[in-house]
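Visitor: First, the structure itself, so that you have it in front of you.
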């Protein structure tokens, strides 16, 4: 990912599609080094968010130590969910603060622009604008474990569409557990679509899921204006 205001958020990729891109949400229960390697080898992925799930801090750090190098080797941004200490210890590229509370401005001042800082937790427009005023690298609509139904949550889609129409800061919208939901997410104009179970629980494997998701985005996602 790149500093705030940039639509493109990958690291060092030479060819980047000019449309909505994929962010992978990796929970320990469904993501291993092998499955992540397979997913990242199959097509364009802008970044991967590593989420603790049920792991304690020591277990989560070991998990991140294994996976951050895999992510970075594929020139995607490795982001840690809600733990800036583990971000630093594992040399990850940034953090997604899903529950930033009222300290997000301090976190941004501390880590940006050296690290990527994304902010989540907005359930309505006022909170989204409050987060946006701090100028994060991106705003995340949804919950990293919120893909419990095949379709995306309608409130997340509505917020993403409103945000994409109004604000230059990139946004990520959480998809559903069905791979087909990437099309509906992209239609909002969001810069990124987040995929968790849709990729890592895909019947033909995560590599096939990433390849199929990119094919659907190539066919259906609106193109962004060239900068």
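The values are calculated or read from the model by the stated rules, or taken from the named source; none is laboratory data. Keep in mind that this is a model prediction, so the values were computed, not measured. Quick reminder, even Gly has a Cβ in these numbers, built from the backbone with ideal geometry, and neighbours come from all protein chains shown.
Visitor: Restricting attention to segment 215-227, and to residues there that are free of Cβ contacts under 8 Å to residues at least 60 places away in the same chain and in contact with a helix residue (DSSP H, G or I) (Cβ under 9 Å, 6 or more places away or on another chain), which single residue is surrounded by the most Cβ atoms within 10 Å (Cβ to Cβ)?
Guide: Among them, the one singled out is 216.
Visitor: Restricting attention to segment 151-178, report how many residues are buried (at least 24 other Cβ atoms within 10 Å of the Cβ) and either assigned to a helix (DSSP H, G or I) or modelled with pLDDT under 95 (or both).
Guide: 4
Visitor: What are the residues in segment 190-214 that are surrounded by fewer than 24 Cβ atoms within 10 Å (Cβ to Cβ), in contact (Cβ under 8 Å) with a residue 40 or more places away in the chain and more than 14 Å from the chain's Cα centre (by Cα), if any?
Guide: Applying the first criterion (surrounded by fewer than 24 Cβ atoms within 10 Å (Cβ to Cβ)) to segment 190-214 yields 197, 200-205, 207-208, 211-212, 214.
So of that shortlist, the ones also in contact (Cβ under 8 Å) with a residue 40 or more places away in the chain come out as 197, 200-201, 205, 207-208, 211, 214.
Of everything in segment 190-214, those that are surrounded by fewer than 24 Cβ atoms within 10 Å (Cβ to Cβ), in contact (Cβ under 8 Å) with a residue 40 or more places away in the chain and more than 14 Å from the chain's Cα centre (by Cα) turn out to be 200, 201, 205, 207, 208, 211, 214.
Visitor: Does segment 179-193 contain at least one residue that is in contact with a helix residue (DSSP H, G or I) (Cβ under 8 Å, 6 or more places away or on another chain) and assigned to a strand (DSSP E or B)?
Guide: yes
Visitor: Within segment 210-227, track down each residue that is farther than 18 Å from residue 146 by Cβ and not in a loop (DSSP other than H, G, I, E, B).
Guide: 210, 211, 212, 214, 215, 216, 217, 218, 219, 220, 223
Visitor: Same structure again: Return the residues of segment 124-150 that are loosely packed, with under 15 Cβ neighbours inside 10 Å, assigned to a loop (DSSP other than H, G, I, E, B) and in contact with a helix residue (DSSP H, G or I) (Cβ under 7 Å, 6 or more places away or on another chain); say none if nothing qualifies.
Guide: The one that is loosely packed, with under 15 Cβ neighbours inside 10 Å, assigned to a loop (DSSP other than H, G, I, E, B) and in contact with a helix residue (DSSP H, G or I) (Cβ under 7 Å, 6 or more places away or on another chain): 150.
Visitor: Another one. Residues that are at pLDDT 95 or above and closer than 20 Å to residue 213 by Cβ: list the helices (runs of 4 or more DSSP H) wholly contained in segment 1-111 that include at least 1 such residues. Spell out the reasoning first.
Guide: Values: elements: 33-40, 57-73, 84-89, 104-111.
Ranges flagged: 33-40, 57-73.
Visitor: Identify the residue in segment 119-146 that is in contact (Cβ under 8 Å) with a residue 40 or more places away in the chain and over 13 Å from the mean Cα position of the chain (by Cα) and, among all such residues, is farthest from residue 48 (Cα to Cα).
Guide: 135
Visitor: I need the full set of residues from segment 83-108 which are closer than 16 Å to residue 136 by Cα and surrounded by fewer than 18 Cβ atoms within 10 Å (Cβ to Cβ), in order please.
Guide: 84, 99, 101, 102, 103, 105, 106 - these are the residues of segment 83-108 that are closer than 16 Å to residue 136 by Cα and surrounded by fewer than 18 Cβ atoms within 10 Å (Cβ to Cβ).
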